[in-house]
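Just below is one structure, and these are the notes that go with it.
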Amino acid sequence: MTPRSDSLFMRALRREPVDRTPLWMMRQAGRYLPEYRATRSRAGDFLTLASTPELACEVTLQPIERYGFDAAILFSDILILPHVMGLGLRFTPGEGPWFERPLKSAADVEKLPMPDPEDDTGYVMDAVRLIRRSLPEDVPLIGFAGSPWTVATYMIENLGSKNHADARRFLLAEPEAGDTLMKHLADATIDYLVAQVKAGADALMIFDSWGGVLSTTMYKRFSLASQQRIVDGVKQACPDTPLILFGKDCGQHLEKLAGTGCTALGVDWTMDMSEARERVGQQVALQGNLDPAVLLTAPDVIAAETRRVLDSYGPSPGHIFNLGHGITPQVPPEHVSVLVETVRDYSAELRSRS
């Protein structure tokens, strides 16, 4: 067994006993860190930063070097796949990502190519290999991708929105094209994630940021089904690689997600961890779920809310501490230090009592 396989993070994913709760944060390599902003300034633009392996490696390592998190996550973007499918990704300051050639019709969906992960996204795989060589041997690396539905919202709408009405309208008006798009993105994502594992990723994560805007019927057909396709494909190719599913505002679908065969579920901050544990039982490990806004408060509030999350889950195996969504850019870095210290000290205390 490698040091990474025996790490707190990997053992928690397997729901094995650990001395303390492992910790990492979504978007832990990001704008709240001054060192990230310096690297981003050198890169000139976000796409250059994400597509230059040396720079992607640098920012991936920054939060590990500063805080000693129990896992690193590849620095990249969920829209890399549609970008290499020819939609022309751009990032506009103050507005976020947009595509020069968004999907407008079923015919546009049929024209989408199937990317080769080593050729078309070779810079991502090069970054994974470089990060894996640069990380401490005992720190696992998480690879990731966006869920087909979440990625499709940007492909259809061009600019993101709050309710993704245009993307929902597309699926309702062109359901067969929607099925084709979800399957195409799922198959491309399987290849992309498997390539990340071959390059050195130790675990994988799927981000379904917009699953919560869908009706139950649409969620099952378009979001859940495509995630199930990915879980099945990745498990077949990489049976020993843990896979985490995270769906924002998807608490009503928790049991369905646990039933996909994934290893763990990310839980957003709208549900207590105790409820999530009760609902999924021993099927999966759970990751989460501090409200990111807590990190904008005072140190005593951060410590108290962190303890509350740990108490809600309890000392049982299978918990990975994280935020309920990504860290926001306004968070003072010293507030993250309070979070890290509280998780380490209090989770160890909880286990010593049990």
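Some notes on this structure:
- Only the Cβ atoms of Lys and Arg (+1) and of Asp and Glu (-1) were treated as charged; on that basis the dipole of segment 197-350 about its Cα centre amounts to roughly 740 debye.
- Cα-centred dipole magnitude for segment 8-268, charges only on beta-carbon of K, R (+1) and D, E (-1), debye, nearest 20: 540 debye
- With helices as the sole contributors, the chain gives -14000 deg cm²/dmol at 222 nm; each DSSP H run of n ≥ 4 counts as -39500 (n - 2.57), and the sum is divided by every residue.
- Across segment 87-140, the mean sequence separation of Cα contacts (distance under 8 Å, 6 or more residues apart), normalised by length, yields a relative contact order of 18 percent.
- Prolate/oblate/rounded call for segment 198-354, Cα gyration tensor, a/c under 1.5 rounded: prolate
- Distance violations [Cα-Cα > 27 Å] among LYS104/LYS235; LYS104/LYS198; LYS111/LYS220: LYS104/LYS235; LYS104/LYS198
- Sum of side-chain charges, ASP232 neighbourhood, beta-carbon under 14 Å (Lys, Arg +1; Asp, Glu -1): +1
- Listed residue (GLN227, MET114, SER337) projecting farthest to the positive dipole end of the chain, Cβ model: GLN227
- Highest-fluctuation residue, CYS250, CYS238, CYS57 considered, GNM on the chain with Cα pairs under 10 Å: CYS238
- Close amide H partners of PHE144, meaning residues 5 or more places away or on another chain with modelled amide H under 5 Å apart, are MET205.
- Pairwise centroid distance, computed over Cα atoms, of segment 296-329 with segment 117-194, Å: 28 Å
- Calculated P(r) over Cα pairs in 20 Å bins from 0, in percent (choose from (1) 25, 40, 20, 12, 3, 0; (2) 30, 55, 14, 0; (3) 31, 61, 8, 0), label: (3)
- Checking every one of the GluC sites (Glu not before Pro) in segment 118-223 against DSSP loop status and a limit of 10 other Cβ atoms within 10 Å picks out GLU137.
- Rounded to 5, percent antiparallel among DSSP beta bridges of the chain: 15 percent
- Normalised by the number of residues in the chain, the average gap of Cα pairs under 8 Å and 6 or more apart makes the relative contact order 21 percent.
- The packing ranking of peptides 108-117, 333-342, 280-289, highest mean first, is 280-289, 333-342, 108-117, where packing means the average number of other beta carbon atoms within 10 angstrom of each residue.
Each value in this text was obtained by applying a stated rule to the coordinates, not by laboratory testing. In this text, all values refer to a predicted model and were calculated from it rather than measured experimentally. Note: ideal-geometry Cβ built from the backbone for every residue, glycine included; neighbour counts use all protein chains shown.
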